[in-house]
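Undergrad: Let me give you the structure first, and then I'll get to my questions.
What follows is calculated from the coordinates using simple rules that are stated; it is not laboratory data. Every value quoted in this text rests on a predicted model; they were computed, and no experiment measured them. All Cβ positions, glycine included, derive from the backbone under ideal geometry; neighbour counts span all protein chains shown.
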Amino acid sequence: MTLGLNAEASGNWKLYDKAGSGSLQSKDGTQWTVPIHFSLSKLTSFGPFPMSLGMSVGVFAAAPNDQPSWRLRLTSTILLPRR
């Protein structure tokens, strides 16, 4: 069993608004998205093949107002041996 913790950060450094003339004008402010993920994975078998199953729960330390406050991620990977 493997436990994990990771954080990412992404930001929109420049925001733009369309002016009345249709041209883009720079707007003050930035929008940050900072999710923090707690993950758990386990190596098991799927018939004769090894398989990794994982789950991750993420909360957002910072996000724009229209973003969700949490996320759930499920993963599965079948590991095929080389021949």
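Undergrad: Determine, for Arg73, Arg82, the number of other Cβ atoms within 10 Å of each Cβ, and report the residues in order from fewest to most.
TA: Details: Arg73 11, Arg82 3.
Least crowded to most crowded, the residues run Arg82, Arg73.
Undergrad: Can you list residues from other chains, or at least 5 along the same chain, whose modelled amide H is less than 5 Å from the amide H of Met51?
TA: Answer set, sorted by chain and number: Thr44, Ser45, Phe46, Leu79.
Undergrad: With all pairs of different alpha carbon atoms counted, what Kirkwood hydrodynamic radius in Å does the range 42-83 show? Let's see the in-between values first.
TA: Numbers: mean 1/r = 0.0785 Å⁻¹.
That comes to 12.7 Å for the range 42-83.
Undergrad: Under the definition of Cα pairs under 8 Å and six or more residues apart, what whole-number percent is the relative contact order of the range 37-83? Can you show the working numbers first?
TA: Numbers: 74 pairs, mean separation 17.3, N = 47.
Rounded, it is 37 percent for the range 37-83.
Undergrad: Let me ask something else about it. Mind sorting Phe60, Phe46 by how few other Cβ atoms lie within 10 Å of their own Cβ, fewest first? Mind dumping the intermediate values first?
TA: Details: Phe60 16, Phe46 13.
Ascending number of Cβ neighbours within 10 Å: Phe46, Phe60.
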